[in-house]
1. Could you list which residues have their amide H under 5 Å from that of C17, counting only those 5 or more apart in sequence or on another chain, with H placed in the peptide plane?
2. Considering amide H positions built from the backbone, and no H for Pro or chain starts, which residues 5 or more places from Y93, or on another chain, come under 5 Å of its amide H?
3. Tabulate in residue order the Karplus-calculated ³J(HN,Hα) for the range 61-72, using 6.51 cos²θ - 1.76 cosθ + 1.60 with θ = phi - 60°, rounded to whole Hz; enter x for Gly and Pro.
4. Would you mind counting up the charge near M73? Only other residues with Cβ under 15 Å from its Cβ, with Lys and Arg at +1 and Asp and Glu at -1.
5. In whole Hz and in residue order, list the ³J(HN,Hα) couplings for the range 91-100 that follow from phi through the Karplus curve 6.51 cos²θ - 1.76 cosθ + 1.60, θ = phi - 60°; x for Gly and Pro.
6. Non-local amide H neighbours of H32 (under 5 Å, H modeled in plane, Pro and chain starts lacking H): which ones?
7. Calculate, in nm to one decimal, what N94 and T82 gain on full extension: separation in residues at 0.36 nm each, minus their alpha carbon distance.
8. Quick one: 3J(HN,Hα) in Hz for the range 105-110, Karplus 6.51/-1.76/1.60 with θ = phi - 60°, rounded, Gly and Pro as x.
Amino acid sequence: MTYVEDTDREDEACPFCITIDQENSLPGLVVHTGNTSYVSLNLYPYNNGHLLVLPFRHVSDLVELTQEEASEMMAFLVEARTVLEKALVPDGYNIGTNLGSAAGAGIPGHVHFHVVPRWNGDTNFMPVTGDVKVLPETLAQTRERITTAWKNL
């Protein structure tokens, strides 16, 4: 669980700091981009379809977002839920953010929202608490389903 526990990242580049021109710095993870923010698969998903909604700009708290960033991110949260409904047909969702290390943010320097599809009988947050994952498909397969559904919105 190093990626969750390792919050001392000052010497490392932020993995979320990308721009439209540098989209390929996260090959195969970015599923949708806008003017100020983007949607990405989580490299360490709790479940298939675990998405992140993030601003391009490196800010650590919601209060630092511009109105345009906040509005676009909220629109992407709604779209992500719609896309996941079409692509994966989950039974429910966890949608939220952790602000700061004390709140559980794995990367506290770059604000981001999690959109986690949930199914009756899934392992809940066992990937975080028990270091166990049950993923019935690869990130590439999930990405294909999500990008196809997003194009059909």
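Read-outs throughout are calculated quantities, based only on the coordinates presented, and are distinct from any laboratory measurement. Treat the numbers as computed from the prediction; the structure is a model and nothing was measured. As a convention, Cβ positions derive from the backbone with ideal geometry for all residues, glycine included, and neighbour counts pool all protein chains shown.
1. Placed amide hydrogens put nothing under 5 Å from C17.
2. Residues meeting the amide H criterion: R118.
3. The phi angles translate into 9, 4, 5, 8, 6, 6, 4, 5, 5, 4, 5, 5 Hz.
4. Charge balance near M73 sits at -4.
5. Rounded to whole hertz, the list is 8, x, 8, 10, 10, x, 9, 10, 9, x.
6. V39
7. Going from the current span to full extension adds 3.0 nm.
8. Taking θ as phi minus 60°, the curve returns 5, x, 10, x, x, 10 Hz for the range 105-110.
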